[in-house]
Amino acid sequence: MQAAPVRATAIPSFAVALRAVETLLLQGGQRTARRNAWTSVLEDRRRAKDRVEAQQFLDRAAARP
């Protein structure tokens, strides 16, 4: 009994497949706008995390005798 053949090419990830569909459906400007918006969302999340960490640091510093 022979083993099943090994695939030579990797199965694309969901993100790669989604990007391919995006390329087919959206024009260049819309794609750029969507990516810029997502980059802004990620940056806002990073800044919010930094604010929380800074506030926690200040709270700990204020609690010290």
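The values are calculated or read from the model by the stated rules, or taken from the named source; none is laboratory data. Computed from a predicted model, the values in this text were never measured in an experiment. Here the Cβ positions follow ideal geometry from the backbone for every residue, glycine too, while neighbour counts run over all protein chains shown. Each accessible area value is taken on the protein alone, full model and side chains, heavy atoms only, with ligands, DNA and RNA left out. Shrake-Rupley method; radii C 1.70, N 1.55, O 1.52, S 1.80 Å.
Scanning segment 13-51 for residues that are over 17 Å from the mean Cα position of the chain (by Cα) and open to solvent by 80 Å² or more (accessible area, probe 1.4 Å) gives L24, L25, Q27, Q30, R51.
Restricting the first member to segment 1-23 and to residues that are within 30 Å of W38 (Cα to Cα), and the second to residues that are in a loop (DSSP other than H, G, I, E, B) and at pLDDT below 80, the beta-carbon pairs closer than 8 Å and six or more apart or on different chains are A20/P12. Screening R64 with (1) surrounded by 10 or more Cβ atoms within 10 Å (Cβ to Cβ); (2) at pLDDT 80 or above gives one miss only, at (1).
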